[in-house]
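Report on the following structure.
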Amino acid sequence: MPFSLRKDIRRKILVLRVAVVGSGPAGSSAAETLVKAGIETYLFERKLDNAKPCGGAIPLCMVDEFDIPLKIIDRQVKKMKMISPSNIEVNIGQTLKDDEYIGMCRREVFDSFLRNRAAKLGANLINGTVHKLDIPNSDNEPYTLHYADHSQGDIKGESKTLKVDLVIGADGANSRIAKAIDAGDYNYAIAFQERIRLPEDKMAYYEDLAEMYVGDDVSPDFYAWVFPKYDHVAVGTGTMKVNQAKIKHLQTGIRNRAAKRLEGGEIIKVEAHPIPEHPRPRPIRGRVVLVGDALGTVTKSSGEGIYFAAKSGRMCAETIVEASNKGQTIPTEADLKRFLKGWNKTYGATYLVLDILQRVFYRSDATREAFVEMCADVDVQKLTFDSYLYKTVVPANPLKQMKITAKTLGSLLRGNALAP
């Protein structure tokens, strides 16, 4: 019997079994897509009340694309302020249409909704910590997950195992699944955030407004933010200068810059979390694939992760559904690599543009002043918001593109940002 034929027979199964480790936007979106196709899916989550430190902004296109109910969205932001190192404020958002907005969510609410929806559709939700993955020696053997089951409320948990045909690692920047397949390391930033409940008059100011601050005092390589939530604001910063003293110093910086607007506020929660700065070098091995933060889908410049995490999970699962004929065969490593090929084709240009923007505009206070000045331009605002809201690198017409380029260079020159 020819080897190729033997391989095809070996891949035939009764029901494809998939374990999704991590139930954030990436994992839950993957699980939902799999169960809708009739694939046996196990969704693992260590903490069902987990609240990831995150600005919580989602683009408008995500609301319809992922069927997000409006009750999940705390605030519809229609106005934003960009605030330069010298505290020059630029109001952006004037190009938004009446029905356009940036959604602000609390991650504990948002993630819980996606997770529970996947479970209601048929995903086997397991409250457990996966601590080991056994790699099989052949293509026709299953993977074995070793995990602690916390379903009875035991923090330590009961030791259990599960055998599956395919594993999706959606377990974040510190992914144990990534370590199990030697996916390689990546640089990461730290996001630090305080949730602050404000007096009513101060909270009213942030009714539909978000603020972004730039400057060495709040972040040497990123930005700081004040984003409105249901009954509080999220005040935070991010940096690749990863040490406790530095992040506390930068958080003090954003608190000082926004002091008047935060006056009388009460800190109700403090959060910190690593954020990947680029994709892992080897995110697929055999029948194991990484998505979301485990893969490294956070964008440069904007630091956005929610939409791209969910989208990566969905696109990965769609590849599995197609390659497995809705669960009738076991996908191969080559099949799974079609997911990454499609991902790079769809979003490669977006990541490249945002990486360039961060390198150009976040390297000094002079370039940040130029960036904020540039944001005052209506053409720049429209290009920026259309790209963010609808997740495309919007192609401006040649004349408008030349106009934007000229304004960019002018802003850099006026800020002495092109000096060596």
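The values are calculated or read from the model by the stated rules, or taken from the named source; none is laboratory data. Fair warning: this is a prediction, and the values are worked out from it, not measured in the lab. Heads up, the Cβs are rebuilt from the backbone with ideal geometry, glycines too, and the neighbour counts pull from every protein chain shown.
Suppose the filter is in contact (Cβ under 8 Å) with a residue 60 or more places away in the chain and over 24 Å from residue 174 (Cβ atoms); does residue 267 pass it? It is true that residue 267 is in contact (Cβ under 8 Å) with a residue 60 or more places away in the chain and over 24 Å from residue 174 (Cβ atoms). Residues that are in contact with an Asp or Glu (Cβ under 8 Å, 6 or more places away or on another chain), outside any loop (DSSP other than H, G, I, E, B) and either within 30 Å of residue 86 (Cα to Cα) or free of Cβ contacts under 8 Å to residues at least 60 places away in the same chain (or both) occur in segment 237-247; there is at least one.
For residue 300, are the conditions met, namely being in contact (Cβ under 8 Å) with a residue 40 or more places away in the chain and within 25 Å of residue 192 (Cβ to Cβ)? Break it down stepwise before answering.
Details: in contact (Cβ under 8 Å) with a residue 40 or more places away in the chain: yes; within 25 Å of residue 192 (Cβ to Cβ): yes.
Taking the combined requirement at face value, the residue satisfies it.
For residue 314, state whether it is part of a helix (DSSP H, G or I) and of a type in the set (Lys, Arg). Considered against the rule, which asks whether it is part of a helix (DSSP H, G or I) and of a type in the set (Lys, Arg), residue 314 comes out as yes. Of the strands (runs of 3 or more DSSP E) lying entirely inside segment 87-159, the ones with 1 or more residues being within 30 Å of residue 77 (Cα to Cα) and either among the β-branched types (Val, Ile, Thr) or in contact (Cβ under 8 Å) with a residue 12 or more places away in the chain (or both) are found at 89-92, 102-104.
Results for (1) outside the structural domain of residue 164 (by TED's automatic domain parsing); (2) surrounded by fewer than 21 Cβ atoms within 10 Å (Cβ to Cβ); (3) of a type in the set (D, E, K, R); (4) farther than 15 Å from residue 167 by Cβ, shown as yes or no for each residue.
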residue: 261; (1), (2), (3), (4): yes, yes, yes, yes
residue: 272; (1), (2), (3), (4): yes, yes, no, yes
residue: 296; (1), (2), (3), (4): no, no, no, yes
residue: 320; (1), (2), (3), (4): no, no, no, no
residue: 330; (1), (2), (3), (4): no, no, no, no
residue: 335; (1), (2), (3), (4): no, yes, yes, no
residue: 341; (1), (2), (3), (4): no, yes, yes, yes
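Pairs linking a residue in segment 47-64 that is part of a strand (DSSP E or B) to a residue that is aromatic (Phe, Trp, Tyr), with Cβ atoms under 8 Å and 6 or more positions apart or on different chains, are 57/227; 58/110; 58/307.
Output the residue which, of all residues in segment 343-387 that are of a type in the set (Val, Ile, Thr) and over 30 Å from residue 287 (Cα atoms), is surrounded by the fewest Cβ atoms within 10 Å (Cβ to Cβ). Let's see the steps before the verdict.
So the first thing to find is which residues in segment 343-387 are of a type in the set (Val, Ile, Thr), and the list is 346, 350, 353, 356, 360, 367, 372, 378, 380, 384.
Imposing the further condition that a residue be over 30 Å from residue 287 (Cα atoms) reduces the set to 353, 356, 360, 367, 372, 378, 380, 384.
Numbers: 353: 15, 356: 12, 360: 15, 367: 21, 372: 27, 378: 10, 380: 21, 384: 20.
Applying the filter and picking the extreme gives 378.
The set of residues in segment 170-179 that are surrounded by 21 or more Cβ atoms within 10 Å (Cβ to Cβ) and at pLDDT 95 or above comprises 170, 171, 175, 177, 178. In the set (1) within 14 Å of residue 83 (Cα to Cα); (2) touching a residue at least 60 places away in the same chain (Cβ under 8 Å), the condition left unmet by residue 186 is number (1).
Against the definition (farther than 23 Å from residue 299 by Cβ, buried (at least 18 other Cβ atoms within 10 Å of the Cβ), touching a residue at least 24 places away in the same chain (Cβ under 8 Å) and of a type outside the set (A, V, I, L, M, F, W, C)), how does residue 41 come out, yes or no? Spell out the reasoning first.
Values: farther than 23 Å from residue 299 by Cβ: yes; buried (at least 18 other Cβ atoms within 10 Å of the Cβ): yes; touching a residue at least 24 places away in the same chain (Cβ under 8 Å): yes; of a type outside the set (A, V, I, L, M, F, W, C): yes.
Spelling it out, residue 41 is indeed farther than 23 Å from residue 299 by Cβ, buried (at least 18 other Cβ atoms within 10 Å of the Cβ), touching a residue at least 24 places away in the same chain (Cβ under 8 Å) and of a type outside the set (A, V, I, L, M, F, W, C).
Scanning segment 93-105 for residues that are over 23 Å from the mean Cα position of the chain (by Cα) and crowded, with 20+ Cβ neighbours inside 10 Å yields a count of 1. Going by what's in this entry, would residue 167 be described as modelled with pLDDT of 95 or more and farther than 30 Å from residue 361 by Cβ? Answer is yes for this residue. In this structure, residue 252 does satisfy being without any contact (Cβ under 8 Å) to a residue 12 or more places away in the chain and hydroxyl-bearing (Ser, Thr, Tyr). Taken together, 205, 223, 147 contain a single residue that is more than 24 Å from the chain's Cα centre (by Cα), buried (at least 22 other Cβ atoms within 10 Å of the Cβ) and either within 23 Å of residue 101 (Cα to Cα) or not charged (D, E, K, R) (or both), which is 147.
Looking at segment 161-192, which of its residues are under 15 Å from the mean Cα position of the chain (by Cα) and not in a strand (DSSP E or B)? Across segment 161-192, the qualifying residues are 170, 171, 172, 173, 174, 175.
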